[in-house]
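Student: Mind looking over this structure? Questions follow.
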């Protein structure tokens, strides 16, 4: 091997070891690298997690109910397979609405998430309002579609 | 062809006219990009006017990844083939890439507060970009602290290559894990999900950043080469005066 080839091999080796190490660590961490559980993730767990967890999904259409004179809100987070009710007292982000993706943080109490934080999750679709309206008019609008896909 | 431009003096001479050319293009592209981004593009159907932050944020994030890839590539080329300009290019790229990364982090945070409801979240995308920023700082720190240039270049190259593992993690973090950050809108399978009326400001800004990077890179490389030449001349002058070789 020439010195050039040795240096190439050394650098390739260093990269391979680093990449392998990171891949192993990330695989081992698995779900804990994910920012939130989906309702389906929760339903698959043998025991509901204790302590603070994050739950992400879509706010089910028609599920939002304000309580305590608007200071608190009840809604249901859904994905394709499961649904989890949420109770939250506090300010909501601008993008919070039915059919919108959310990430909530809190504790599971009897299958209901007592949330201490509600974040709106934005999707990857960007379009002007006129285009969104036109799509709706033409019936090509996917209500929960452009948004978050679990 | 590569070795033909390896001569630092020749490179400096050839690079010189590109600096004002790239600088002028950068000014024009920024003018067009910011005009489209701030005045001549529609508000988003959900985000409203806040979408305009995206035109600064998204290309900055692209450049953060691009500059790191360029830096790691040049570092590796310097390490393996000892090309005299490769390390100079890698060293010059680091602070520029770090600034793009910081810009992406700050504008992302400014967007996150009104849209998500938080300045920061430890999700996989945000965290991996923060790590990218620290990798840039570490790379710069090596060049600043290791005195002997050849040794600094070798150490920096290894750090850059190890850190390159983070690039696919940044890019695919939003696909591999549930994250608060939305998935890619432009470079994704199945075509862009960003309406065509919102693409011109994005691409003008991307090319504006690109030409800015080009101009700053050449300025910084020429400065580095001039500094090295000066150091060489000073050593020679000291030898002549004292008649001894300094250690």
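Student: Over all Cα pairs of chain B, how is the pair count split among 5 Å bins, expressed in % and running from 0 up to the last occupied bin?
Tutor: 1, 6, 11, 15, 16, 15, 12, 9, 6, 4, 2, 1, 1, 0, 0, 0
Student: Can you give the convex hull volume per residue for the Cα atoms of region B:36-125, as a whole number of Å³?
Tutor: 110 Å³
Student: Can you sort A:129, B:240 by how many other beta carbons sit within 10 Å, fewest first?
Tutor: B:240, A:129
Student: Let me ask another. Rounded to the nearest 10 degrees, what's the angle between the helix B:149-163 long axis and the longest principal axis of chain B, both from Cα atoms, 0 to 90?
Tutor: 20 degrees
Student: What is the P(r) of chain A, as percent of Cα-Cα pairs per 5 Å bin from 0?
Tutor: Percent of pairs per bin, in order: 2, 8, 14, 16, 13, 11, 9, 7, 6, 5, 4, 3, 2, 1, 0, 0.
Student: While we're here: What order do you get for B:27, A:73 when you list them from fewest to most C-beta neighbours inside 10 Å?
Tutor: So the residues, fewest neighbours to most, are B:27, A:73.
Student: Top mean-square fluctuation among B:95, B:201, B:20, Gaussian network model of chain B, C-alpha springs under 10 Å?
Tutor: With Cα springs under 10 Å in chain B, the top fluctuation among B:95, B:201, B:20 is at B:20.
Student: Next question. Pairs of Cα atoms under 8 Å, at least six residues apart: use those to get the relative contact order of chain A, whole percent.
Tutor: Contact order relative to length: 19 percent.
Student: Can you tell me the Rg and Dmax of region B:50-193, counting just the alpha carbons, in angstroms?
Tutor: 16.3, 50
Student: Assuming R0 = 41 Å, can you tell me the calculated FRET efficiency for the pair residue A:9 and residue B:231, based on Cβ-Cβ distance, to the nearest 0.05?
Tutor: 0.80
Student: Report, in cubic angstrom per residue, the convex hull volume of the C-alpha atoms of region B:3-61.
Tutor: Per-residue hull volume (Cα only) is 103 Å³.
Student: Using only the alpha-carbon atoms, how far is helix B:166-176 inclined from the longest principal axis of chain B? Give it as 0 to 90 degrees, nearest 10.
Tutor: Approximately 10 degrees, to the nearest ten.
Student: Let me know the Rg and Dmax you get for region B:78-152 when you use only its Cα atoms, in Å.
Tutor: 16.2, 49
Student: Still on this structure, please answer the following. May I ask for log10 I(q)/I(0) of the protein assembly as shown at q = 0.10, 0.11 Å⁻¹, from a Debye sum over the Cα atoms as equal point scatterers with solvent left out?
Tutor: -0.79, -0.91
Student: So how tilted is helix B:199-242 from the main axis of chain B? Cα-based, degrees 0 to 90, rounded to 10.
Tutor: Relative to chain B, helix B:199-242 is tipped by roughly 20 degrees.
Student: Equivalent ellipsoid semi-axes for region B:169-218, as square roots of 5 times the alpha carbon gyration tensor eigenvalues: give them largest first, rounded to whole Å.
Tutor: 25, 17, 8
Each reported figure results from applying straightforward, stated rules to the coordinates on display, with no laboratory input. Predicted model only: the values in this text are computed from it and were never measured. Positions of Cβ are backbone-derived with ideal geometry, glycine not excepted, and every protein chain shown enters the neighbour counts.
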